[in-house]
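Student: For reference, the structure I am asking about is given below.
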């Protein structure tokens, strides 16, 4: 493979944040409209949203920007989900009613096993940014709890 071909190949594997397209949650999550949180697909599929970097990687990776006081209610995925707080402070809660909780800051990480009811909320005064990783090249079905204490 020539050097130019290698450069072109690697160019398709670079995702610039300013070029990312927001995840269209309505395309794969019924009856859910995010309030103050927006995800951007980097690798792997989130519904119909094309990821910034194509190809099969065996995992899905996204970035979520979360406004103060906002987040995601209790929900579950059929796959493990990992969050790394890149900036800000978020409270992560889990359990049937969200009865367990841990507050994480920059570079802290939490990993939820598959089918765990979990959610998060930005508890800081500035926008938080989360790196989100799930196994598999598609997010899969997301199931929201009917009522949430959070």
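Student: Taking the condition free of Cβ contacts under 8 Å to residues at least 40 places away in the same chain and buried (at least 21 other Cβ atoms within 10 Å of the Cβ), does residue 113 pass? If you could, list the steps in order and put the result at the bottom.
Tutor: Working: free of Cβ contacts under 8 Å to residues at least 40 places away in the same chain: yes; buried (at least 21 other Cβ atoms within 10 Å of the Cβ): no.
Considered against the rule, which asks whether it is free of Cβ contacts under 8 Å to residues at least 40 places away in the same chain and buried (at least 21 other Cβ atoms within 10 Å of the Cβ), residue 113 comes out as no.
Student: Return the residues of the range 43-78 that are under 13 Å from the mean Cα position of the chain (by Cα), assigned to a loop (DSSP other than H, G, I, E, B) and buried (at least 19 other Cβ atoms within 10 Å of the Cβ); say none if nothing qualifies.
Tutor: 44, 51, 77
Computed from the coordinates by the stated procedures, all read-outs in this text should not be read as laboratory data. Everything numeric in this text was worked out from a predicted model, so none of it was measured. Don't worry about glycine lacking a Cβ; one is built from the backbone with ideal geometry, like all the others, and counts go over all protein chains shown.
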